[in-house]
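Let me begin by presenting the structure, written as structure tokens, before commenting on it.
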Amino acid sequence: MAKRTMVKIDEKLCNGCGACISPCAEGALTLVNGKAKVIKEELCDGAGFCIGICPTGALSLEVREAADFSEKAVKKKTSEKKFQYIPQKCESCGTSEEDAYLLAIKHQGKSLWYCTHCLPRLIHG
């Protein structure tokens, strides 16, 4: 174990909406008893893509003692395809990520999801 950046979840602020689940490509987050949880420290890369999407501000990053991040554990977890998945939708047209590629765009502390069709309009006005 070493000190590294990890996602911290404030259970008092978490409303269990699950919006943070999909942005976690490593499958480190799940809902347990109506609250978001990091299921295994070795799955959390500390990148924080989940943070900006949280509507209540329950997620943050902290540096603490944690198990080392493991690409091997992530590959095993993602190959199971059993982690929870809540599809995101394009902020502009409402297209689901099941039907189009979506990209997370950070703006003023929030993650906004845009499909590749709407992204050029966002960039160029």
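The values are calculated or read from the model by the stated rules, or taken from the named source; none is laboratory data. It should be emphasised that the depicted structure is a prediction, and the values quoted were computed from it without experimental measurement. As a convention, Cβ positions derive from the backbone with ideal geometry for all residues, glycine included, and neighbour counts pool all protein chains shown.
If we scan the range 14-30, do we find a residue that is surrounded by 15 or more Cβ atoms within 10 Å (Cβ to Cβ) and modelled with pLDDT of 95 or more? Yes, there is a match, as at least one residue in the range 14-30 is surrounded by 15 or more Cβ atoms within 10 Å (Cβ to Cβ) and modelled with pLDDT of 95 or more.
Restricting attention to the range 77-102, the residues that are assigned to a loop (DSSP other than H, G, I, E, B) and at pLDDT below 90 add up to 10. Under the condition of being farther than 23 Å from L102 by Cα and under 12 Å from the mean Cα position of the chain (by Cα), the residues counted in the range 13-59 number 2. Scoring V74 on the criteria (1) without any contact (Cβ under 8 Å) to a residue 40 or more places away in the chain; (2) part of a helix (DSSP H, G or I); (3) within 21 Å of K8 (Cα to Cα) leaves a single failure, condition (1).
Flag: E62 matches the condition of being outside any loop (DSSP other than H, G, I, E, B), acidic (D, E) and either more than 17 Å from E42 (Cβ to Cβ) or within 16 Å of the chain's Cα centre (by Cα) (or both). Scanning the range 33-57 for residues that are assigned to a loop (DSSP other than H, G, I, E, B), more than 10 Å from C20 (Cβ to Cβ), touching a Ser or Thr at 6+ places or on another chain (Cβ under 6 Å) and not β-branched (V, I, T) turns up just one, G46. Within the range 40-57, residues that are on the phi > 0 side of the Ramachandran plot have Cβ atoms under 7 Å from residues that are in a loop (DSSP other than H, G, I, E, B) in these pairs: G57/L13, counting only partners at least 6 apart in sequence or on another chain.
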